[in-house]
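The values are calculated or read from the model by the stated rules, or taken from the named source; none is laboratory data. All figures in this text were calculated on a predicted structure; none of them were measured in a lab. Every residue, glycine among them, receives a Cβ derived from its backbone with ideal geometry; neighbour counts consider all protein chains shown. For the accessible areas, the whole protein counts, side chains as well, though only heavy atoms, and no ligand, DNA or RNA atoms are used. Shrake-Rupley method; radii C 1.70, N 1.55, O 1.52, S 1.80 Å.
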Amino acid sequence: MQGAGLLSALAAPAPSGAALRCFHCGEALPAGARYEAVVRGAARPMCCAGCAAVAEAIVQAGCESYYERRSEFAQPGRDAPADPLARLRVYDREEIQRAFVSAPAPHEREAALILEGIRCPACVWLNETRLARLDGVVAVDINYGSRRARVRWDERRTRLSDLLAAVEAIGYRAYPYDPAAMEQSRRRERRDALLRLAVAALGMMQVMMYAFPAYVAGAAELQPADARLLQWASLLLTLPVVTFSAWPFFRGAWSDLRARRLGMDVPVALGIGTAFLASVAATWRGRGDVYFDSVTMFVCLLLGARYLELRARQRAAEHLEFLARALPATAERCSGTDEQTEAVPAASLQAGDEVLVRPGAVFPADGRIVRGSTEVDESLLTGESLPCRRTEGEAVVGGAVNRGNPVRVCIERVGGQTLLSGIARLMQRAAADRPRLQQLADRTAAGFIAFILLAAAVACAWWLVVDPSRMLAVVVSVLVVTCPCALSLAVPMVAAVAQAALARRGIIATNGQAVDALARATHFVFDKTGTLTEGRLRVTAVEPLRDLDRARVLAFAGALEIASEHPIGHALAAAAGPGPVRASALRNHPGLGVEGVVEGRRLRLGRRDFAAELSRTAFITAAGDPDTAAWLGDESGLLARIELQDAVRPDAAALVAELRRRGRAVLLLSGDGEAAVRAVAAQTGIACWRARMRPEQKQAAVRDLQAQGAVVAMVGDGVNDAPVLAQAQVSIAMGSGAALAQGAADFVLLSSRLPDIARGLRLARKARRVVRENLAWAFAYNVVALPLAMGGWLTPWMAGAGMSASSLLVVLNALRPARD
């Protein structure tokens, strides 16, 4: 009994002598039970205090319509603790939350949770409604398929333990997302799918064996008694196939109908159910055709196709799960200045701790080497197979493997602040986002199912008049052969495979639209510093212009740039080194420079016009002025000129040539001086370039290109390029911590290898081509198959084989981008 019928049956008076059942969990009421709860204005019997408390909590939360939506009984725990919060308060501790809670905004926290007890879409609705009504909850999103929930709340108004307790109060259980638990869930899903497939395959083989004599026997060769015996044997073998193997189709169809929508399981369930019930009736009456062989074959082939889809989908998600499991469980924390270490949980590490990482061990968090040098394998993050050399003072990332010598590392970022955690969050966000073509395919599939049902009704009416004996076979064939499984799988499979393939190459897609947008890009716009160049500037000359010597110029510049994330700021701070000079009232002017007060003097450091503007004096740019220079000025005029140099990436020219060969226009927009930009453009082969552009000017230039119909892909360092990255249809940020933290780009290039952009473009175009092929095949297949089925040229078993083969072809074709 399902749905509203479940409520009405429980609400109706029980017949005399019938065992009463608990309104909440459906179990028989124990003798002497006196528990009740008022639901929908009436007292409902409860089997225990636990069910009564849960039912009252549901009513008080305003969610009592859950009892009308549910399709199965809830199964709450019987002995709930008097204070459930006491057990859940541990999740409020900062060191525990560090591993799975992020801070997307000030005072906001976001956590990924696993929900247990979810049995139907009504359960999802109940939990989302319950959490959304809590004070302080900002957003709730629960995925029915994966049982994962993403919850965001205001930490000033509520705590995580309150959210977990609210879920438990209505009979479910929530706990932090655990990759190991998710892997166990995937194993159970695979085992269940294999078991159902095995039962269907065994039943199909046996039923086909019993059906074979009826196909090959001539007139009067098969006695009626023998035929009846074979039919009854086929019925017994088909029964477990329909009731067990095909049960997910019936359950899915019922859920779709209860939600008042038409899903792909609806025609499948109708086809299986109609053919099976008609065959049972024919077997019982002893006359008429039976379709047990077609039913078992269809179920087996469809389960086989769906199992392959399941394995492909899980393999596409394995890279994300591998990232989540990459950090070690323990670390060797150093004690003082000696060589003694203690094993501690990696989750308990804090910024400032020093750890010893031995050869072959995994770095437990992001940090910086303070003693020793080694080679680091970062292939998990960047896709680079060769280890990178790291020495004292250089940064290492959590999840990388130490391939050389033991090193001592000072931890800088832990938990959700690490680069690895940021990557995992971006990939989770991309996986949850549905591409535009998938949304279109889903809407098309829903309309197509309605068309299928209409076509089946027309075929039924036609054959009922023309040849009633063939009517049932034709209707079943129509329902089965046109099931839109291939249409529904055409886009999401390709998107998942493409995102996983890009991630293995160090290119992280942050939203579901990114791959398709990259494939459509017609113009690639590059920033210069940190993008086409290595971004590691070094000071080559210092020219004091007034009362400061070289050391004082560098000291003032280093004080102003001490907290800078820009490559020029890093170079100036590194050249100055640590010193006693400090700056105050710092103010950053994007694209121009930085302003602050040093030793009582207001200074500006950056472009020449910006530095001179502080003194309100006019200046003339000489033809020989170096463009790769930072100018220092105060309220009296310019104080010094600092020249810097940056090398062009050795692979930049190859990327530009590859993009132009593929018909893409390439532009260079930079805030640097004209001479420097011209030199980089000449070295890389970029014909169209502009210099001395502020961020808003770059944004306007991209907007002008878009007004002309261009699809713009912007490649920048993610620091000063945030406005133009947001303006472009697709944005690619170089793999720096700052770019990743912004999360504004559609792609993050972790490897920092420019040719990977061309490889990503090639893979994205291949994925888009595969999507079009899948959609074209799904459309063409149905255009051909539907008339054949309505005309009676396809038997039910042929329809099942054709539909399963169509789905299998789409799945196998979707795997092609992974082989790029």
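Here are some residues: Val542, Val481. Which one is modelled with pLDDT of 75 or more and not hydroxyl-bearing (Ser, Thr, Tyr)? Write out each step before concluding.
Numbers: Val481 fails: modelled with pLDDT of 75 or more.
Of the residues listed, the single one that is modelled with pLDDT of 75 or more and not hydroxyl-bearing (Ser, Thr, Tyr) is Val542.
Answer yes or no: is there a residue in region 592-610 that is modelled with pLDDT of 85 or more, among the small types (Gly, Ala, Ser), open to solvent by less than 30 Å² (accessible area, probe 1.4 Å) and in a helix (DSSP H, G or I).
No, there is no match, as no residue in region 592-610 is modelled with pLDDT of 85 or more, among the small types (Gly, Ala, Ser), open to solvent by less than 30 Å² (accessible area, probe 1.4 Å) and in a helix (DSSP H, G or I).
Taking region 630-648 as the region of interest, how many residues are open to solvent by less than 40 Å² (accessible area, probe 1.4 Å) and under 16 Å from Gly530 (Cβ atoms)?
The number of residues fulfilling the criteria is 4.
Is it the case that region 202-213 has a residue that's over 29 Å from Leu303 (Cα atoms) and either modelled with pLDDT of 80 or more or open to solvent by 70 Å² or more (accessible area, probe 1.4 Å) (or both)? Before you say what the answer is, go through the steps one by one.
Just the residues of region 202-213 that are over 29 Å from Leu303 (Cα atoms), to begin with: none.
No, region 202-213 contains no residue that is over 29 Å from Leu303 (Cα atoms) and either modelled with pLDDT of 80 or more or open to solvent by 70 Å² or more (accessible area, probe 1.4 Å) (or both).
Met790 versus (1) open to solvent by 40 Å² or more (accessible area, probe 1.4 Å); (2) modelled with pLDDT of 85 or more; (3) within 23 Å of the chain's Cα centre (by Cα); (4) over 12 Å from Ala498 (Cα atoms): which is the lone unmet condition?
(3)
May I ask you to list the residues in region 492-546 that are open to solvent by 10 Å² or more (accessible area, probe 1.4 Å), touching a Leu at 6+ places or on another chain (Cβ under 6 Å) and assigned to a loop (DSSP other than H, G, I, E, B)?
Leu537, Leu545, Arg546
Within region 111-126, does at least one residue satisfy the condition of being among the charged types (D, E, K, R), modelled with pLDDT of 75 or more, out of contact with any Phe, Trp or Tyr (no Cβ under 6 Å at 6 or more places or on another chain) and open to solvent by 20 Å² or more (accessible area, probe 1.4 Å)? Explain how you work it out, then say what you get.
Restricting attention to region 111-126, the residues satisfying the condition of being among the charged types (D, E, K, R) are 116, 119.
From the residues that got through so far, the ones that are modelled with pLDDT of 75 or more too are none.
No, region 111-126 contains no residue that is among the charged types (D, E, K, R), modelled with pLDDT of 75 or more, out of contact with any Phe, Trp or Tyr (no Cβ under 6 Å at 6 or more places or on another chain) and open to solvent by 20 Å² or more (accessible area, probe 1.4 Å).
Do we have Leu659 as crowded, with 18+ Cβ neighbours inside 10 Å, in contact (Cβ under 8 Å) with a residue 60 or more places away in the chain, of a type in the set (A, V, I, L, M) and within 30 Å of Leu614 (Cα to Cα) here?
Numbers: crowded, with 18+ Cβ neighbours inside 10 Å: yes; in contact (Cβ under 8 Å) with a residue 60 or more places away in the chain: yes; of a type in the set (A, V, I, L, M): yes; within 30 Å of Leu614 (Cα to Cα): no.
So Leu659 does not fit the description; no.
Among Phe73, Phe100, which is over 30 Å from the mean Cα position of the chain (by Cα), at pLDDT below 75 and of a type outside the set (S, T, N, Q)?
Working: Phe100 fails: over 30 Å from the mean Cα position of the chain (by Cα).
Result: Phe73 is the single residue among Phe73, Phe100 that is over 30 Å from the mean Cα position of the chain (by Cα), at pLDDT below 75 and of a type outside the set (S, T, N, Q).
Of everything in region 562-575, what is in a helix (DSSP H, G or I) and open to solvent by less than 70 Å² (accessible area, probe 1.4 Å)? Give them in sequence order.
Listed by number, the residues that qualify are Pro567, Ile568, Gly569, Ala571, Leu572, Ala573, Ala575.
So Pro578 passes all but one of these: (1) assigned to a loop (DSSP other than H, G, I, E, B); (2) in contact (Cβ under 8 Å) with a residue 24 or more places away in the chain. Which condition number does it fail?
(2) is the only condition that Pro578 fails.
If I ask for residues that are among the small types (Gly, Ala, Ser), under 20 Å from Gln699 (Cβ atoms) and not in a loop (DSSP other than H, G, I, E, B), which ones from region 657-677 would you list?
Result: Ala665, single match.
Output the residue which, of all residues in region 381-407 that are buried (at least 18 other Cβ atoms within 10 Å of the Cβ), at pLDDT 65 or above and out of contact with any Leu (no Cβ under 6 Å at 6 or more places or on another chain), is nearest to Cys334 (Cα to Cα).
So, considering only residues that are buried (at least 18 other Cβ atoms within 10 Å of the Cβ), at pLDDT 65 or above and out of contact with any Leu (no Cβ under 6 Å at 6 or more places or on another chain), the one nearest to Cys334 (Cα to Cα) is Val407.
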